[in-house]
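Q: The structure under discussion is supplied below as structure tokens; questions concerning it will follow.
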Amino acid sequence: MAAERPPIFATLGLAVRSTPDPALRTIEDKLAAGASLSVEDGVALLRTRDLHSLGRLALNAKRAKSHDRVYYVLNRYINSTNVCYANCRFCSFAADEKKEPERIVRMAADAVLAKALETGKNFNQIHIVGGHDPRQLSLDYWLPLMRRLKEVVPHAQLSLFTAAELDYMARRHRMSYEDLLIRLRDAGLENINGGGAEVFSARFRRLVCPNKVDAAHWLEIHEIAHRVGIASNATMLYGTIETLEERAEHLVLLRESQRRSPGYNAFIPLAFHPDGNEMSHHGWTSGLDDIRMFATARLMLDNFDHIKAYWMIQGLAICQLALLFGADDMDGTHGSTDEELIYHSAGTRSGQHVDDREFRRLIEEVGFVPVRRNSTYQEFPADWAPKDEAQPERVLTSA
Ligand code: SF4
């Protein structure tokens, strides 16, 4: 039992007065006064060599938000299509159906439904993202599929699309974002995934992903979604050409967006993966860069409840360490038959599935309490199962 062992972080609540980095002392004073950090503060955090003090600050901020809890979700993860013509330079996932037909994945709606149910119904989230596929990214495909999923697994929240996909769909149907989101909400959409944000800097987007939704429209889509009752997450892709200033500006833009229209649950730092794309020469992010990114996000995003360390991206070992640097979520198990394509096309060394017992073991080893959740952070007992899976149904709390 974790409670019987002295927590690793028992001494980490100390102040950082002894830090050799004067910027951290200034930042600690600001945090103590309840002030939000500036872009300059964010750059100082991303640069600091005093990892111990950075960890103390970020862990204090994490504990103020989620105490000793660390979250995970039993989920299904599906990439329903990889057909896309946006040509983002960092992408290893997208396939051109004319030039490389052997790489195409384009699942019929029945196949998506069958995939979701392949290992039973004991999951609390279905996470689906894909490319800008002209034959799949339409209301004709999605509305009936979403209704069927809600009929068959009503307990599983639908966490679908990114703002980039929604922008594509809105333009395709010549609909306003609000009308599109209301149609999707009425069919069961409960959460929008955080992808497509990349780095908000106009310079970055012009050079790396000029054909996808721009920053202003990405933010607008999420803010409208929140207003019509759909929650969302946010991400940042780090580790290519972005400057540290651009990373910090990205976090400030998210914080301001949350102030204008609350509804973001979690921020997920996404480390660039180099295999099979045009930006391979940037290589892998380092462990120190990953850890600084988690801690900086936790300290800058004072109005986000959760910072997610997604094991598929940085790997289980770094993600376990990230729990001491501000993260409070390890994301989802994925089903044992799931086949994530985005990061596996780009060379991730992570597997496809993590057993929830492994999440609990890793979280307890750090001294935290593992908590099963759904997309909107309702909490469930670890042994929860839907009624037709022959185990008692109990929800502990409501978000
Ligand atoms: S990142 Fe997304 S939008 Fe860009 S090419 Fe890949 S699948 Fe398409």
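The values are calculated or read from the model by the stated rules, or taken from the named source; none is laboratory data. Note that this is a predicted model, so its numbers are computed, not measured. All Cβ positions, even for glycine, are placed from backbone atoms using ideal geometry, and neighbour counts span all protein chains on display. Heads up: the accessible areas ignore ligands, DNA and RNA and are worked out on the full protein's heavy atoms, side chains in. Shrake-Rupley method; radii C 1.70, N 1.55, O 1.52, S 1.80 Å.
Q: Could you say which residue among Arg147, Arg89, Arg63 is assigned to a loop (DSSP other than H, G, I, E, B) and surrounded by fewer than 21 Cβ atoms within 10 Å (Cβ to Cβ)? Let's see the steps before the verdict.
A: Details: Arg147 fails: assigned to a loop (DSSP other than H, G, I, E, B); Arg63 fails: assigned to a loop (DSSP other than H, G, I, E, B).
Going through Arg147, Arg89, Arg63 in turn, just one is assigned to a loop (DSSP other than H, G, I, E, B) and surrounded by fewer than 21 Cβ atoms within 10 Å (Cβ to Cβ): Arg89.
Q: Of all residues in the range 219-234, which are touching a Lys or Arg at 6+ places or on another chain (Cβ under 9 Å) and either modelled with pLDDT under 95 or under 28 Å from Ser286 (Cα atoms) (or both)?
A: Across the range 219-234, the qualifying residue is only Asn233.
Q: Of the numbered conditions (1) open to solvent by 10 Å² or more (accessible area, probe 1.4 Å); (2) away from the ligand (no atom under 16 Å from the Cβ); (3) closer than 29 Å to Lys115 by Cα, Asp275 fails exactly one; give the number of that condition.
A: Condition not satisfied by Asp275: (2).
Q: Here are Ser375, Ser336: which of them is within 26 Å of Gly120 (Cβ to Cβ), within 18 Å of the chain's Cα centre (by Cα) and of a type in the set (Ser, Thr, Tyr)?
A: Ser375
Q: For the range 177-217, which residues satisfy the criterion of being among the charged types (D, E, K, R) and either touching a residue at least 12 places away in the same chain (Cβ under 8 Å) or in a loop (DSSP other than H, G, I, E, B) (or both)?
A: At the first step, the residues of the range 177-217 found to be among the charged types (D, E, K, R) are 178-179, 183, 185-186, 190, 198, 203, 205-206, 212, 214.
Glu178, Arg183, Arg185, Glu190, Glu198, Arg203, Lys212, Asp214 - these are the residues of the range 177-217 that are among the charged types (D, E, K, R) and either touching a residue at least 12 places away in the same chain (Cβ under 8 Å) or in a loop (DSSP other than H, G, I, E, B) (or both).
Q: Looking at the range 83-114 only, could you name the residues that are modelled with pLDDT of 95 or more, basic (Lys, Arg) and within 19 Å of Ile128 (Cα to Cα)?
A: Arg106
Q: Moving to a separate point now. What is the one condition in (1) assigned to a loop (DSSP other than H, G, I, E, B); (2) within 16 Å of the ligand (Cβ to nearest atom) that His127 does not satisfy?
A: (1)
Q: Continuing with this model, one more query. How about the range 173-206: which of its residues are within 16 Å of the ligand (Cβ to nearest atom) and either of a type in the set (A, V, I, L, M) or modelled with pLDDT under 95 (or both)? Talk me through it step by step, then tell me what you get.
A: To start, the set of residues in the range 173-206 that are within 16 Å of the ligand (Cβ to nearest atom) comprises 192-200, 204-206.
Answer for the range 173-206, where residues must be within 16 Å of the ligand (Cβ to nearest atom) and either of a type in the set (A, V, I, L, M) or modelled with pLDDT under 95 (or both): Ile192, Ala197, Val199.
Q: Pick out the one residue from Asp110, Asp96, Asp133 that is among the acidic types (Asp, Glu) and in contact (Cβ under 8 Å) with a residue 24 or more places away in the chain.
A: Numbers: Asp110 fails: in contact (Cβ under 8 Å) with a residue 24 or more places away in the chain; Asp96 fails: in contact (Cβ under 8 Å) with a residue 24 or more places away in the chain.
When all the criteria are applied, what remains is Asp133.
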